[in-house]
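Worksheet: the structure to be examined is printed underneath.
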Amino acid sequence: MRRLLGFLNRVSGRRYNTARIGGFWEEWRVEIGVETLTVRTKRTFAIARGSSDAFERVILTLKEDGVTGRGEAAPTDYYEEDAPSVAEALERVRLHDPWDVEGALKENDFLSPSALAALDSALHDLAARRLGVPVYRLLGLARPEPTSAYTLGIADPETTLREAEKLSGFPILKMKVGGEEDLATVQAVAGASDAALWVDANEAFSPEEAPGVARELRETGAVRLIEQPVPASAGPEALRVVVEAAGPVPVVADESAVNARDVPRLAGCVTGVNVKLAKCGGLRRALEMIHTARAHGMLVMLGCMVETSLGIAAAAQISGLADFVDLDGAMLLADDPFRGPGYENGRILLPRDPGLGVEPL
């Protein structure tokens, strides 16, 4: 087969791709659409770095031969991304062959991680829909039935306790903390709820503070996981000290583990890593990260940003490979613009429809 050649043409404000294979023209006619939308959470979502109740997300749409594939970008300023720059970059996506997912990702490696995740998800959605199978089948996986944690943002003890009471059917609650003053809130919820508690500090504690915090959390008897207690800039050794203090409670790296290249240096210093599509660049890159973690004897957590059901459905396709699932982004929304997965007290019920099984409302 001769080298694949292609060009982009803008027609009526829509972008198409045409490819020549062998000695004849085969028109892929992939229409590329980019849309920015704002979603809002049911209540202000506060973590150690700040708070917000509105999040801009970018939706990439690929249409070919009457079939549509979609992907979501969830940019965050922590990783030096914003919706306008992500949307502009996705407008420049080039596709020579929509079936060649890996080739398309390599050709568009100028994209930031969340933008690459949108392209990755849209390509998988498009291919699986054309084949009439769910994405998890396309990847050779069984249908996952994950139970996700539900996240409680930072708030005063009374507010947090009221929210925990409303979530009495959820088996796992993830609590955000930003300082030692929040540990009393964790203890209050531990005494009032039967749920297993995960605690996420988002780098809030110094390397000197973190071991004591870990011991205090361990002693509650309800905390089953501690996530990113120290700044990523403190290095793996700071995490190792926390692991020793927290044992046997697992300590999971998030901000310290952006992609597969970060995993080997964390081996022996953390119990596991948090894999997020928007952070590492999509399903393909997430699978690389998962396999690298397993090769180093690590546990795997599958996480998310505040995302719509489109982004959550993409991550959920590989949730059967994770030990801990934290895919509650769409559960937190007041105005999810997509329908697809069902949510039942933390359980994510993936549809059996082709692709990601997600459609706009």
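Data overview
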| read-out | value |
| --- | --- |
| Any chance Ala204 is more than 30 Å from Glu359 (Cβ to Cβ) and surrounded by fewer than 22 Cβ atoms within 10 Å (Cβ to Cβ) | no |
| Members of segment 37-77 that are without any contact (Cβ under 8 Å) to a residue 60 or more places away in the chain and touching an Asp or Glu at 6+ places or on another chain (Cβ under 6 Å) | Thr38, Lys63 |
| Identity of the residue in segment 137-166, of a type outside the set (Asp, Glu) and more than 22 Å from the chain's Cα centre (by Cα), that ends up nearest to Val300 (Cα to Cα) | Ala164 |
| First in segment 151-168 and over 15 Å from Met331 (Cα atoms), second anywhere and part of a strand (DSSP E or B), Cβ under 7 Å, 6 or more apart | Ile154/Ala46; Ile154/Ile47; Ile154/Lys176; Ala155/Ala46; Thr160/Leu152 |
| Qualifying helices (runs of 4 or more DSSP H) (wholly inside segment 182-296; at least 2 residues being of a type in the set (Val, Ile, Thr)) | 183-192, 236-246, 283-295 |
| Segments classed as strands (runs of 3 or more DSSP E), wholly inside segment 20-86, with at least 1 members that are modelled with pLDDT of 95 or more | 31-47, 50-64, 67-73 |
| Filter pass, Ala245 being assigned by TED's automatic domain parsing to the domain that holds Phe324 and surrounded by fewer than 21 Cβ atoms within 10 Å (Cβ to Cβ) | yes |
| Failed criterion for Phe110 (all others in (1) surrounded by 14 or more Cβ atoms within 10 Å (Cβ to Cβ); (2) without any contact (Cβ under 8 Å) to a residue 40 or more places away in the chain; (3) assigned to a loop (DSSP other than H, G, I, E, B); (4) of a type outside the set (S, T, N, Q) hold) | (1) |
| Candidates Leu327, Leu310, filtered to the one that is crowded, with 22+ Cβ neighbours inside 10 Å and either aromatic (Phe, Trp, Tyr) or not in a loop (DSSP other than H, G, I, E, B) (or both) | Leu310 |
| Residue match in segment 171-186 (condition: over 18 Å from Ile348 (Cβ atoms) and among the polar types (S, T, N, Q)) | yes |
| Selection count where residues are farther than 13 Å from Leu361 by Cβ and not in a loop (DSSP other than H, G, I, E, B), scope segment 335-350 | 6 |
| Residue within segment 176-193 that is more than 20 Å from the chain's Cα centre (by Cα), more than 25 Å from Gln228 (Cβ to Cβ) and buried (at least 22 other Cβ atoms within 10 Å of the Cβ) present | no |
| Members of segment 124-181 that are of a type in the set (Ser, Thr, Tyr) and either within 17 Å of Ala46 (Cβ to Cβ) or not in a loop (DSSP other than H, G, I, E, B) (or both) | Tyr136, Thr147, Tyr150, Thr151, Thr159, Thr160 |
| Extreme residue, nearest to Leu225 (Cα to Cα), among residues of segment 341-353 that are out of contact with any Phe, Trp or Tyr (no Cβ under 8 Å at 6 or more places or on another chain) and surrounded by 22 or more Cβ atoms within 10 Å (Cβ to Cβ) | Ile348 |
| Ser206 under 19 Å from Thr41 (Cβ atoms) and not aromatic (Phe, Trp, Tyr) | no |
| Looking only at segment 248-283, and only at residues there that are basic (Lys, Arg) and under 13 Å from the mean Cα position of the chain (by Cα), the one that is surrounded by the most Cβ atoms within 10 Å (Cβ to Cβ) | Lys276 |
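The values are calculated or read from the model by the stated rules, or taken from the named source; none is laboratory data. What you see is a predicted model, and the numbers here were worked out from it, not measured in a lab. Note that we place each Cβ from the backbone using ideal geometry, even for glycine, and neighbour counts take in every protein chain shown.
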